[in-house]
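Notes to accompany the following structure.
Read-outs throughout are calculated quantities, based only on the coordinates presented, and are distinct from any laboratory measurement. Bear in mind that the values here come from a model prediction, so they are computed numbers and not experimental data. Ideal geometry is used to build each Cβ from the backbone, glycine not excepted, and the neighbour counts take in all protein chains shown.
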Amino acid sequence: MTDSRQSALEYARQNNERFIEELKEFLAIPSISTSPEHNADTLRCAEWTAARLKSIGMDNVRVMPTGGHPAVYGESLKAGSDAPTVLIYGHYDVQPVDPLELWTTDPFKAEVRGENLFARGSSDMKGQVIASMKAVESVARTSGLPVNLKWLIEGEEEIGSKNLGEFIKKNAKMLKADFCINPDAGMIGADLPTITYGLRGLAYFEIRVYGPNRDLHSGLFGGTIHNPAQALVELIAGMNDKKGRITLPGFYDKVRKAGKAERAEIARLPIKPKDIVKMTGAPALWGEAEYTPEERVSIRPTLEVNGLLSGFTGEGSKTVLPAWAMAKISCRLVPDQTPEMIEKAMIKYVKANTPKTIRSEVKIITGSGAAITERDSMGVQAMAKGLEQAWGKRPLFKREGGSIGVVVQLQEYVGVDSVLTGFGLPEDNAHSPNEKLHLPTWRKGIDALIHTIFNLT
């Protein structure tokens, strides 16, 4: 181990208590992005974040306006043009605390109990932002940074980052980097360091079918007027076959297949079918038999009914034939599928299968592409080695089943791939009362990030 690396690690250990106190300061600011009454707090939190970036030696630090809460930018470009440039992403906003009565302590007065620090935002993700800052500080104040750094810390992640895409697009040149570290993904367990290298995309629809111009008496018109609710469920039923495959025309045409090595990595994940049954309470699992459950939720696309509405749904009876029916449907997409491709497939399917007795329409709600970073890329390999150096074991690699907008936007607008990690745990109660951060894991996370910085040189 180099003297520089050892010095940075020792600095982090010696300053651990101060790091925790600074985290407590950060957590004390109620930066609830969804609540207008906390707009002043959210701005104050952005300014606090900027001040901390300045304190660890970052240049050109700015609190930058967006269409909503501001983004914080900073940089250190002293390593030179031959050194890699790393973008570090984070968010300073937090979820509401409701229901307050379920909190054991004040959600904005951080308290350490045992090995855990309790406060809103401790795990998601102020703790991860401070871990990143303190890893950088530890390197900068001992041997100096061997890489160039840029920071993007936003204030709207908890409300969907609705203004971030436009901000990234507008500031693409400023944000240009070799790769992005995003510590907002978390770990599978305290002893299971984890890298997320892929995310599924999304295509979201609302399908409506119409029959008569009003609800009708089912005794007078049933059997002669086609029931829109029945027609809709038949349309939906035809979207999957009995083997769980999606029947939309061309749906699988561009699906990127996972190779043997990638499927072997997925097989290393510790979640087993029985665990999913226990976790969900479902009677049994369902889906494509040729893929494991872990593969079905990561490397395979899906089509799910998110909601159904039609006719009378109150207590008691009302014998009506409904005038219309509606369904919300989402498709999770994998690399090389595009929302536009799936939108065309959905429209084609609905048009081809709508009977002449019914009128249908497909409304496109939203869509985003999938994102994937090659596991042998510089950023992934540096992070993987860093996690192994901190934990003493090879990390797990996984693709996440959901979507994270900033990852797709950085890929699309800036050409920057992201490696996702983080040091939050499944049991940290993120978005729930009594959110916490496991401090020993967090401490190892700082070491892992220090190692990662040096691994890039």
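The distance from the alpha carbon centre of the stretch 158-216 to that of the stretch 224-263 is 23 Å, rounded to a whole number.
Tell me which GluC sites (Glu not before Pro) from the stretch 331-381 have a DSSP coil assignment and no more than 16 other beta carbons within 10 Å of their own.
Values: sites: Glu340, Glu343, Glu361, Glu374; in loops: Glu374.
Qualifying residues, ordered by number: Glu374.
If the chain linking Lys348 and Glu10 were pulled fully straight, counting 0.36 nm for each residue of separation and taking away their Cα-Cα distance, it would gain 115.5 nm.
By DSSP, what percent of the beta bridges with both residues in the chain are antiparallel, rounded to the nearest 5? If you can, show how the numbers build up before the last one.
On the way: 49 of 69 bridges.
Taking every DSSP beta bridge within the chain, about 70 percent pair in antiparallel fashion.
Using alpha-carbon pairs under 8 Å, 6+ residues apart, how would you state the relative contact order of the chain in percent? Don't jump to the answer; show the numbers that get you there.
Numbers: 945 pairs, mean separation 115.1, N = 457.
Relative contact order here is 25 percent.
Expressed in nm to one decimal, what extension gain is obtained for the pair Glu21 and Ser81 from 0.36 nm per residue of sequence separation less their Cα-Cα distance?
Numbers: separation 60, 0.36 × 60 = 21.60 nm, distance 3.56 nm.
Full extension of this stretch gives 18.0 nm more.
Is it possible to state the helix-based mean residue ellipticity at 222 nm for the chain, with each DSSP H run of 4+ residues giving -39500 (n - 2.57), the sum divided by total residues, to the nearest 500 deg cm²/dmol? What is it?
Working: 15 runs with 152 residues, N = 457.
Counting only the DSSP helices, I get -10000 deg cm²/dmol.
In a fully extended conformation the segment linking Lys278 and Thr247 would gain 8.2 nm over its present Cα-Cα distance, using 0.36 nm per residue.
Which order, highest average first, do 347-354, 185-192, 66-73, 313-320 follow once you tally other Cβ atoms within 10 Å for each residue and take the mean per peptide? Intermediate results must be reported in sequence, preceding the final value.
Numbers: 347-354: 15.4, 185-192: 17.9, 66-73: 21.5, 313-320: 9.2.
The most tightly packed comes first, giving 66-73, 185-192, 347-354, 313-320.
Normalised by 2.2 N^0.38 Å, where N counts its residues, the alpha-carbon radius of gyration of the stretch 143-268 equals 1.78.
Where a ≥ b ≥ c are the square roots of the eigenvalues of the C-alpha gyration tensor, would you call the chain rounded, which needs a/c under 1.5, or, failing that, prolate if a/b is larger than b/c, or oblate?
Details: a/c = 2.08, a/b = 1.82, b/c = 1.15.
Prolate is the answer for the chain, as a/c is 1.5 or above and a/b outweighs b/c.
Can you classify the stretch 190-340 as rounded, prolate or oblate using the Cα gyration tensor, where a ≥ b ≥ c are the square roots of its eigenvalues, rounded means a/c under 1.5, and otherwise it's prolate if a/b beats b/c and oblate if not? Before the final figure, lay out the partial values.
Working: a/c = 3.03, a/b = 2.13, b/c = 1.42.
Prolate, since a/c reaches 1.5 and a/b exceeds b/c.
Divide, for the stretch 11-69, the radius of gyration over alpha carbons by 2.2 N^0.38 Å, where N is the residue count. Provide the component values of the computation, followed by the final result.
On the way: Rg = 13.5 Å, N = 59, 2.2 N^0.38 = 10.4 Å.
Against the compact-globule rule of thumb, the ratio is 1.30.
Two tests apply to each whole DSSP H helix in the chain, Cα reach of 27 Å or more along its axis and mean Kyte-Doolittle hydropathy of at least 0.0, and none passes both. In this rough spin-label picture, where each label sits 7 Å from Cα along the Cβ direction, the Lys318-Lys257 distance is 5.3 nm.
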